[in-house]
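Here is the structure we will look at.
The values are calculated or read from the model by the stated rules, or taken from the named source; none is laboratory data. These figures come from a predicted structure and were not determined experimentally. Glycine gets a Cβ as well: all are built from the backbone with ideal geometry, and neighbour counts include every protein chain shown.
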Amino acid sequence: MNWQFNPLVIVIGIAFLISLSVLVYAWRRRNSHGARPFLPLMLGITIWLLSNGIEAGFTNETTRLFWNNMQYLGIVMVPTAWFLFTAIYTGHSKRITKKFLSLLFIEPITIIILVWTSQWHQIFRQYMILNTTGGTPIWEWAPGPAFWVHTIYSYTLLITGVILLIQAYMRSSRLYKRQISVLLVGALVPWIANIVFIARGGSSTIDPTPLSFLATGLMIAWGIFGFGLVEIAPIARERVFEKINDIILILDDQNRIIDVNPAFRQRIKSNVRITGQPVENVLEQWPDLVSKFTNVNHIETAISLMTEDGTEKHYQLSISPLYDAKERYSGRLVMLHDITPLKETESRLRQSREAAEAANQAKSAFLATMSHELRTPLAAIIGYSELITEKSKVWGYENIVPYLSQIETAARHLNTIIGEILDISKIEAGRMELIKSDFSLQDVLDDVINTIYPLIEKNGNQLLQNIQIQSGTMYADKTKVQQILINLLGNAAKFTKNGQISLDVHYQPANNGSSDSYHFKISDTGEGIPNEKMDVIFKPFVQVDSSYTRKHGGTGLGLAISYQFCQMIGGEMHVESTLGQGTTFYLTLPAKVANEQKSGDKLPTAG
Ligand code: ADP
């Protein structure tokens, strides 16, 4: 048995156990950010310590040589893994291509081969003899050229890693400098230890390098898992901070500037020193802004600022509080997002909408005037047709009477259409007004029924009435009430053949804050309205079946006008319908119209 107790075994053994635990821990948490590139480094250190510890416990030369050679698996792995870790950490992962990786591994693999075959050549070791005379066996050996190549290669990788960290340190804002310096210190430990070891000929009883790399490993592990060093991906954050177009300021609890990003420096062209200064000194161009938000810890709001060249800029300002690791308030994060283009688009849209509205009003005004102008000659046509009809009968020209009555019917129809266009134009132009008076609802209903009755009969319909309106007085715009009812009953008569039309009216005294009102229900057993059209029939120019227009006339304006009139009077209107079975319109009108309402505000548009 060539095993011999050696206190080194305990030291290295403990180091190995720590290393193994960190490795296992890192493996279990391998999905945390930054854990994966750290795993090969920790694996290398663990293999190195394990073989180093086992070797220290044996006296037999062959066994010791075996474990000495085993160490090299870790030795070649560590610098490469360290380099890869720093490259990924400092944001260079894109450059680590497969080709690059294969080139990087040529040297370590060659060294492993040379180490394991070193008894047959002197490329790695010129000679290596175990000196056991002093009690503790010590290797006496002389390095070959490959050893020096490997040393140079390893240091190049270690130094490159350190340079990458230093570069990152320089680029970083103060927030991250401390974190990177932890890594830098961790990186320097094995460096110094290894230089000491090599300077002493590499043959002291204990090789401190794996132990010092363990120190590095522990520091990184603490960074990754304890502090979320890599998890926070400082470099990525750094990039965001540096590259983002938004202006960012970090203030301490005394409102002094801790840090600002390049966007800040670019936009806020301030000549004074920035960091460490009270915010009011740096933002002296905007004293109002500073005083308004001095004590605001949390806000999202739009603000406007005048720039030096006198243009106005709009920003979305967001302020949020910052807390340190112990949850103590430590300052504020202020962000300004430029929304000037958005505001400009908004204002352009507003302008075009206003222009469109103005054009629409002009159109409505034009239509209103035109319709009015058309009505005057039409009145003459209707009037003279009536007169000539009468005179023709007296003068014995009865054969032309049917032609004359056709002229009269067409002219009346045209008059109705022009009337509707005039009404809707006036509503759209906001020029429709209420002419209020006291009147008897019963008289209105009688007039309406008289007007509609011929149409009801013409289509073979039956009219059922149920009118319970007590005194039946109303204070409203009589003509408009009449027009609404004529339209609803007229539609019922128009869209029903050989069916039933019923008119229910009842008086509802004031209750629960609502004033006295009349409830109308106009039902028919006609063709009904398809579901998809129910929402649009109150919009101007909408007809369920436009082919119907050709057969029965109509403009699709009646309901739109009635709906608007109803709104103006302060009433409500809605419809229920089953296709093929019939339609019911419900209308509620106040008995006494309160405040005058102008039209044009709530007009639903077609389409
Ligand atoms: P129109 O001049 O075409 O009658 P309205 O605005 O009065 O215009 O009505 C719009 C459309 O709503 C009508 O064309 C018709 O398709 C539908 N409609 C209205 N009332 C009824 C009803 N009682 N039964 C079936 N369809 C109706």
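Values as computed for the structure displayed
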read-out: Any hit, segment 104-112, residues being of a type in the set (A, V, I, L, M, F, W, C), in the same structural domain as Ile192 (by the TED database) and not in a helix (DSSP H, G or I); value: no
read-out: Residues within segment 63-89 that are out of contact with any Phe, Trp or Tyr (no Cβ under 7 Å at 6 or more places or on another chain), closer than 14 Å to His150 by Cα and of a type outside the set (Val, Ile, Thr), tallied; value: 4
read-out: Residue match in segment 29-36 (condition: under 14 Å from Gly217 (Cβ atoms) and either outside the structural domain of His92 (by the TED database) or surrounded by 15 or more Cβ atoms within 10 Å (Cβ to Cβ) (or both)); value: yes
read-out: Verdict on Ile452 being at pLDDT 95 or above and assigned by the TED database to the domain that holds Thr584; value: no
read-out: Only listed residue being farther than 30 Å from Ser425 by Cβ and not polar (S, T, N, Q), chosen from Arg273, Arg348; value: Arg273
read-out: Subset of segment 492-504 [touching a helix residue (DSSP H, G or I) at 6+ places or on another chain (Cβ under 7 Å) and closer than 15 Å to Glu527 by Cβ]; value: Ala493, Lys494, Ile501
read-out: Residues located in segment 12-40, provided they are out of contact with any Leu (no Cβ under 8 Å at 6 or more places or on another chain) and in contact (Cβ under 8 Å) with a residue 60 or more places away in the chain; value: Tyr25, Arg29, Ser32, His33, Ala35, Phe38
read-out: Enumeration of residues in segment 468-506 that are touching a His at 6+ places or on another chain (Cβ under 8 Å) and more than 16 Å from the ligand (Cβ to nearest atom); value: Gln468, Ile469, Val505, His506
read-out: Residues of segment 113-130 classified as surrounded by 13 or more Cβ atoms within 10 Å (Cβ to Cβ) and more than 60 Å from the chain's Cα centre (by Cα), total; value: 9
read-out: Leading residue by the ranking (nearest to the ligand (Cβ to nearest atom)) among those in segment 563-594 that are without any contact (Cβ under 8 Å) to a residue 60 or more places away in the chain and hydroxyl-bearing (Ser, Thr, Tyr); value: Ser577
read-out: Residue match in segment 264-286 (condition: under 22 Å from Val240 (Cα atoms), modelled with pLDDT under 85 and aliphatic (A, V, I, L, M)); value: yes
read-out: Filter result for Ser51 (touching a residue at least 12 places away in the same chain (Cβ under 8 Å) and in the same structural domain as Arg28 (by the TED database)); value: yes
read-out: Yes/no for Leu445 being touching a strand residue (DSSP E or B) at 6+ places or on another chain (Cβ under 8 Å) and not assigned by the TED database to the domain that holds Ala365; value: yes
